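S.K.: Pasting a structure below so you can have a look.
What follows is calculated from the coordinates using simple rules that are stated; it is not laboratory data. Small disclaimer: the values here were computed from a predicted structure and weren't measured. Note: ideal-geometry Cβ built from the backbone for every residue, glycine included; neighbour counts use all protein chains shown.
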Amino acid sequence: MYKMIAVDLDGTMLNSYGEVTENTKRVIKQTIGKGTDVIIASGRSIDSIKGIAQEIGSSKYMIAGNGAVVYDIKNNKIIYEKYIPKNKALDIIKICEQNSIYYNVYTNKSIIADGLRYNVLYYYKENLKKEDSKKTHITLVDNIKKYVEEMKDERIMKIFICDSTKSIFNSIVKKFTEIQDVEILDVSHMSRKVIKHGTVEVPIEYYYTEISMQNVDKWYALEFLIDKLGIKKDEVIAIGDNTNDKKMIEQAGLGIIMKGSTPVVTEVADFVTDDNNNEGVAKAIERFIF
């Protein structure tokens, strides 16, 4: 029997509009009721995951910031953390600003940004249809570098960097290899999401990378939970679609990817389910749990 399912959000559980379908919620709640925990493992911030966890009935643990944090939902506290030191974050920010590339900073409390573009615009639009308790906390500032220098009670999980032009993006990403002891997520494809502006559907498309501390990974955070709960990795299912899901898909007892996932995870998956716009997560759970 599988005792835990770790599920990614964007491109996996969430459709292109950032929603979990009612049927997917039903299937997940039934799974939890049968005794198999469903854990969200996402690159999103803590507060961005909380509301979705509540929607699907996941009330024990969640993984945020691509594995930088494991959060105990029931006791409202972080139980595992691997943050970027402020001095190293400022080195990354310096490169971003010297090269005039858009970036934002994910802390344990908020997403720090200087404008509503790319991923932050998507979260902002997503917030408009959510009640306050389920919104992703976005802090807009005039000067991110100054904010980070002066912040005292926030810790940095990751720095998100993006651009709409692939050649510009790739040339700047190479510069981050100068910084030691960090992980630079190698994303080979463009992120494509959709927002609604009135009756018009507007695509948000961009190339991106995410920088976190070395050895920050969803699998290492999941491994921490596996040890804590006294279960075996063979009793775990991992479901994802992107580079940041690779290790957990490879290491879990059953690794499942979505149709159309990035090739790097296709190589290590045990099973391919339907895509995120056709309830691939619900279909996979029904196949292997029910």
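S.K.: Helix 22-33 sits at what angle to the longest principal axis of the chain, using alpha carbons and giving 0 to 90 degrees rounded to 10?
M.R.: Tilt relative to the chain: about 60 degrees.
S.K.: Roughly how tilted is helix 46-56, in degrees to the nearest 10 and between 0 and 90, from the longest Cα axis of the chain?
M.R.: The angle comes out near 20 degrees.
S.K.: If a/c stays under 1.5 just call it rounded; otherwise compare a/b with b/c (prolate if a/b is bigger, oblate if not). Do that for the range 1-71, with a ≥ b ≥ c from the square roots of the Cα gyration tensor eigenvalues.
M.R.: Working: a/c = 1.80, a/b = 1.17, b/c = 1.54.
Cα axes put the range 1-71 in the oblate bin.
S.K.: Shifting gears a bit: Quick check: net charge around Glu154, other residues with Cβ under 11 Å of its Cβ, Lys/Arg +1 and Asp/Glu -1? Mind dumping the intermediate values first?
M.R.: Working: positive: Lys86, Lys109, Lys152, Arg155; negative: Glu150, Asp153.
Combined, the nearby Lys, Arg, Asp and Glu give +2.
S.K.: Further question on the same structure: When the scattering of the range 92-191 is computed by the Debye formula from its Cα atoms alone, each counted once and equally, what is log10 I(q)/I(0) at q = 0.11, 0.22, 0.24 Å⁻¹?
M.R.: Log10 I(q)/I(0), no solvent term: -0.36, -1.32, -1.46.
S.K.: Any chance you could give the angle, 0 to 90 degrees and rounded to 10, that helix 218-229 forms with the longest Cα principal axis of the chain?
M.R.: Once rounded, the angle reads 50 degrees.
S.K.: Output the pairs from Lys109/Lys196; Lys25/Lys60; Lys175/Lys218; Lys109/Lys166; Lys86/Lys158; Lys50/Lys233 with a Cα-Cα distance over 19 Å in this structure; if there are none, say none. It would help to have the intermediate numbers written out before the result.
M.R.: Details: Lys109/Lys196 27 Å; Lys25/Lys60 16 Å; Lys175/Lys218 25 Å; Lys109/Lys166 30 Å; Lys86/Lys158 11 Å; Lys50/Lys233 25 Å.
Beyond 19 Å between Cα atoms: Lys109/Lys196; Lys175/Lys218; Lys109/Lys166; Lys50/Lys233.
S.K.: Here is a follow-up. Take Val200, project a point 7 Å from its Cα along the Cβ direction, then tell me which residues of the range 106-130 have their backbone nitrogen under 18 Å from it.
M.R.: 117-118, 121-122, 125-126
S.K.: So what's the gap between the Cα centers of the range 97-133 and the range 178-254, to the nearest angstrom?
M.R.: 18 Å
S.K.: Which of these values of Kirkwood radius over Cα pairs in Å was calculated from the structure shown: (i) 19.1; (ii) 22.3; (iii) 19.6?
M.R.: Identified label for the calculated read-out: (i).
S.K.: Ordered by residue, what ³J(HN,Hα) values in Hz, to whole numbers, does the range 4-12 give under the Karplus form 6.51 cos²θ - 1.76 cosθ + 1.60, where θ = phi - 60° and Gly and Pro are x?
M.R.: 8, 10, 9, 10, 5, 9, 5, x, 10
S.K.: Can you pick out the pairs among Lys77/Lys134; Lys94/Lys134; Lys3/Lys77 whose Cα atoms lie more than 25 Å from each other?
M.R.: Working: Lys77/Lys134 17 Å; Lys94/Lys134 32 Å; Lys3/Lys77 23 Å.
Check vs 25 Å cut-off fails for Lys94/Lys134.
S.K.: Work from the charge dipole of the chain (Cβ charges, +1 for Lys and Arg, -1 for Asp and Glu, about the Cα centre) and give the residue of Ala41, Thr243, Ile256 farthest towards its positive end.
M.R.: Among Ala41, Thr243, Ile256, the one farthest towards the positive end of the dipole of the chain is Ala41.
S.K.: What order do you get for Arg26, Arg155 when you list them from fewest to most C-beta neighbours inside 10 Å? All intermediate terms of the calculation are to be shown ahead of the outcome.
M.R.: Working: Arg26 13, Arg155 19.
With the fewest neighbours first, Arg26, Arg155 line up as Arg26, Arg155.
S.K.: While we're here: For Lys232, list the aspartates and glutamates whose Cα falls under 16 Å from its own Cα; do not include residues on the same chain fewer than 8 positions away.
M.R.: Hits, sequence-local ones excluded: Asp37, Glu223, Glu250.
S.K.: Give me the net charge of Ile73's neighbourhood, meaning all other residues with Cβ under 9 Å from the Cβ of Ile73; Lys, Arg count +1, Asp, Glu -1. Present the calculation step by step, with values, prior to reporting the outcome.
M.R.: Details: positive: Lys50, Lys60, Lys74; negative: Asp72.
Once all neighbours under 9 Å are counted, the net charge is +2.
S.K.: Moving on. Considering the zone a paramagnetic label at Asn75 would reach in this model (a point 7 Å from Cα along the Cα-to-Cβ line), which residues of the range 218-232 have amide N under 20 Å from it?
M.R.: The answer is 221-231, whose backbone nitrogens lie closer than 20 Å to the label point.
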